[in-house]
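Contents: one structure, followed by commentary.
The values are calculated or read from the model by the stated rules, or taken from the named source; none is laboratory data. Please read these numbers as outputs of a predicted model, since none were measured by experiment. In this analysis, Cβ positions are derived from the backbone assuming ideal geometry, glycine residues included, and neighbour counts consider all displayed protein chains.
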Amino acid sequence: MTAPFPNLHLPATARLQLRPLEVSDAQRIFDIWSDPEVMRFYDVAPLTRIGQAEDVVTRLIQDMAERSGIRWAIVSTNEMRVIGTCGFRLNFAFRSASLGFELERRYWGQGLMREALDAAIAYAYDHLGMNRIQATTNLDNHASAGLLASLGFVEEGVMRQWGYWKDAFHDVRLLSLIQSDHAARQAALSRPNPD
């Protein structure tokens, strides 16, 4: 069996820390995932019992042990509390990853998720050997689509009736970021402004 991921601690910014999800995070995951607005575009209904959050956290930790996924708790360094999560489903054979993320509602609009995803994406390319990162968004989820575009993701198209959840079929927008495009974009951003 392949060794599990090491106990990673990724400093994203002065405002955030990314650390592996822990069993003790279940209450905070319940607080976040029980909010209908946070879960509005998610493929699961808002949680109604703490046991559901415990199951989610257990599954995500198991994914890390099996190297099929990696999920970080996003911790506000100011408050030292979990305010969301981000991470990947991993396909090492294809060197590709599928991105997922959510953030507690009161932290929306502050650029925090962008900072967290910058760190997570860099880790996927630099340490996991990924070449492609993809994400799907609900067609009406303009905030997530805009966030992904700001990180350099390119829309590839719409996958019609891609999934079934909340008693309905859903079309989703597919976006991707290729490692070479990401590297070129990072290099361009690090060049001094001629002005």
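Screening residue 110 on (1) in contact (Cβ under 8 Å) with a residue 12 or more places away in the chain; (2) out of contact with any helix residue (DSSP H, G or I) (no Cβ under 6 Å at 6 or more places or on another chain); (3) of a type outside the set (Phe, Trp, Tyr) shows it passes everything except condition (1). With respect to the conditions (1) free of Cβ contacts under 8 Å to residues at least 60 places away in the same chain; (2) within 27 Å of residue 189 (Cβ to Cβ), residue 158 lacks only one, and its number is (2). Within the stretch 102-150, the only residue that satisfies the criterion of being within 11 Å of the chain's Cα centre (by Cα), surrounded by fewer than 18 Cβ atoms within 10 Å (Cβ to Cβ) and over 14 Å from residue 88 (Cα atoms) is 114.
Might you check whether a residue that is in contact (Cβ under 8 Å) with a residue 60 or more places away in the chain and of a type outside the set (A, V, I, L, M) occurs anywhere in the stretch 46-65? There is no residue in the stretch 46-65 that is in contact (Cβ under 8 Å) with a residue 60 or more places away in the chain and of a type outside the set (A, V, I, L, M). Listed conditions (1) over 14 Å from residue 132 (Cβ atoms); (2) free of Cβ contacts under 8 Å to residues at least 60 places away in the same chain; (3) surrounded by fewer than 16 Cβ atoms within 10 Å (Cβ to Cβ) are all met by residue 172, apart from (3). Could you pull out every one of the helices (runs of 4 or more DSSP H) wholly within the stretch 103-195 that has 1 or more residues that are closer than 22 Å to residue 37 by Cα? Hits in the stretch 103-195: 112-126, 142-150. Can you tell me which residue is nearest to residue 111 (Cα to Cα) among those in the stretch 151-165 that are surrounded by 12 or more Cβ atoms within 10 Å (Cβ to Cβ) and among the small types (Gly, Ala, Ser)? Here the residue is 152.
Of the numbered criteria (1) touching a Gly at 6+ places or on another chain (Cβ under 8 Å); (2) modelled with pLDDT of 90 or more; (3) closer than 25 Å to residue 91 by Cα, the one residue 32 fails is (3).
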